[in-house]
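I have placed the structure first, in the form of structure tokens, so that the comments after it can refer back to it.
The values are calculated or read from the model by the stated rules, or taken from the named source; none is laboratory data. Values in this document were obtained by computation on a predicted structure and should not be read as measured data. Neighbour counts run over all protein chains shown; Cβ positions are idealised from the backbone, glycine included.
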Amino acid sequence: MRADAVLVYFKLLRNYIEKEGVPDVWVEMYDVRTGQTLINVISFEDVFGPYVSGEVASDYDHGQESPVGHLAYRNIRLPNPPQTHLGQSIVDFRFHNLARLYLSFLNDFVLNPALKEFMGLDPPGPGRL
């Protein structure tokens, strides 16, 4: 477990949050009606507190109906994501994908073996949470 980049990433992330606070976060805000990305945002903390900055997507049409009330977040990214997991290259660095890899590993290599060994249960196959 110590050698896998995804597991190390989440350990370091936990330690960072406990000691430093929230890490830098990049996120897309999009219109749920059209799926169009409207704003790219970065949020971080400095000595003065939380800071948010962003830019409107270059292809956003300012003449269209206001997206207020129709905004959602997607493609949340944190800094310095791991590049590999279990010897395979990672191509999707969105936070929800990294979390899925992490939870699947814990399920397949920690939880399921423990259920089988200590409770005599036959857990579902790999990748089934």
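Annotations
- Segment 71-107, subset surrounded by 14 or more Cβ atoms within 10 Å (Cβ to Cβ), at pLDDT below 90 and charged (D, E, K, R), residue farthest from VAL56 (Cα to Cα): ARG94
- Boolean, ARG14 is in the same structural domain as ASP59 (by TED's automatic domain parsing) and not hydrophobic (A, V, I, L, M, F, W, C): no
- Among the numbered conditions (1) in a loop (DSSP other than H, G, I, E, B); (2) of a type in the set (A, V, I, L, M); (3) not assigned by TED's automatic domain parsing to the domain that holds LEU7, the only one that VAL91 does not meet is (3).
- Condition met for GLU117 (at pLDDT below 90 and in a loop (DSSP other than H, G, I, E, B)): no
- Single match in VAL41, VAL22, VAL6 (criterion: modelled with pLDDT of 85 or more, out of contact with any Cys (no Cβ under 6 Å at 6 or more places or on another chain) and under 17 Å from ALA99 (Cα atoms)): VAL6
- Candidate set: segment 53-68, residues that are modelled with pLDDT of 85 or more and either charged (D, E, K, R) or surrounded by fewer than 14 Cβ atoms within 10 Å (Cβ to Cβ) (or both); chosen: the one nearest to the chain's Cα centre (by Cα): SER53
- Flag if VAL110 is of a type outside the set (Gly, Ala, Ser) and not assigned by TED's automatic domain parsing to the domain that holds ALA5: no
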